[in-house]
1. Starting with the fewest neighbours, write out 221, 175 ranked by other beta-carbon atoms found within 10 Å of each beta-carbon.
2. Sort 302-312, 67-77 by packing, meaning the average of other beta carbons within 10 Å per residue, with the highest value first.
3. List the residues, sorted by chain then number, that are 5 or more residues from residue 157 or on another chain and whose placed amide H is less than 5 Å from its amide H.
4. Order 184-192, 277-285 from most to least packed using the mean count of other Cβ atoms within 10 Å.
5. Listing 313, 87 from the residue with the fewest other Cβ atoms within 10 Å to the one with the most, what is the order?
6. What FRET efficiency do you get for residue 207 and residue 233 if R0 is 25 Å and r is their Cβ-Cβ distance, rounded to the nearest 0.05?
7. Which number do you get for Rg(Cα) / (2.2 N^0.38 Å) in the chain?
8. Using the Cβ atoms and a cut-off under 15 Å, what net charge is assigned to the surroundings of residue 95, where Lys and Arg are +1 and Asp and Glu are -1?
Amino acid sequence: MKWVTYEAGAGARTGVLDGDAVRGLRAGIDLLTVVQSGAEVLAEAGETARRAPAEVRPLDDVRLLAPLPRPPSVRDGLCFLDHLRGCYRALGRSAELHPAWSEAPAFYFGNAASVVGPHDAVPVAPGSRMFDLELEVGVVIGRGGRDLHPAAAENHILGYTLFNDWTARDHQLHDLATGIGMGKSKDSALTLGPALVTVDELAEYRVDGRLAIELRATVNDQEITRGRLDQMDWTFGELLAYVSRGVDLAPGDVIGSGTVPGGCLLEHVDTPDLAEFTGWLRPGDVVSLHGQGLGSTRQTVVEGTGVIPLRPCSPKGQA
């Protein structure tokens, strides 16, 4: 099924996509709550939506929100190593990767409070002049667990959704200089949607046990990259196994694949000075992600808020 959260004038509702229509459950049912109630409850809710919906609305008459507007947690992996190599080249660094990248899939925690819907406007991160998109796929955990085995971890996935990890590259340079990981560069917006597509819906795209869906990203309807999900260097099973070491994954948790190679503007930088690159996102730009079986997002970048300056800090012991 393709689960959605939508707004039709009377608050957020949960439903399933059926062609060009949304078949809604009764008001007050939250998709995250249904997911957390288990597979049997989710299946029953899906049958109710199909056979006895509380309402049926044309898709054009509703506003799709993120399927999970506030997931319990968001993590983002980096499973396409050619994306990292492309970023290194843009930064003037050697594309040779440190051995750590082949020892375990890297990830960081995203901001679950910054999730936006598939057609929502996205403000430029405050103070950023180097705003970027990232073409990714997110998985949603359906059955919790910890210390998962790589060969079995994908059985804990409920479904998939498009995932855009909007990034302020100038802020990222500051984050990297501190050495403690991603901070404000990844904090302002994160797109999920248009739907949470359950595993069974994507069975036709399985090739040799891996999901081989085609993905692409466009800016102002100009394609910037095209790739396939099965080209990940680290599989979702391996990513989930690593992420779950010593910690619980919970139903509703969202975990991103990392960026498809070429799926961000940083990889297309053509100048030694990143600030001089003319391709960074600006207000009015329209960004779309597309995925076979997953649907499409389409969002307009808008002006961000100003920055309230901080006082200069003089570390103790220094003049």
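Only the coordinates and a few stated rules stand behind these numbers; no lab work does. Predicted, not measured: the structure shown is a model, and the values here were computed from it. In this analysis, Cβ positions are derived from the backbone assuming ideal geometry, glycine residues included, and neighbour counts consider all displayed protein chains.
1. With the fewest neighbours first, 221, 175 line up as 221, 175.
2. For the peptides 302-312, 67-77, the packing ranking is 67-77, 302-312.
3. For residue 157, whose amide H was placed from the backbone, the distant partners under 5 Å are 142.
4. Highest mean packing first, the order is 184-192, 277-285.
5. Result, fewest neighbours first: 313, 87.
6. Approximately 0.90, to the nearest 0.05.
7. So the Cα radius of gyration is 1.01 times the expected 2.2 N^0.38 Å.
8. Its environment carries a net charge of -1.
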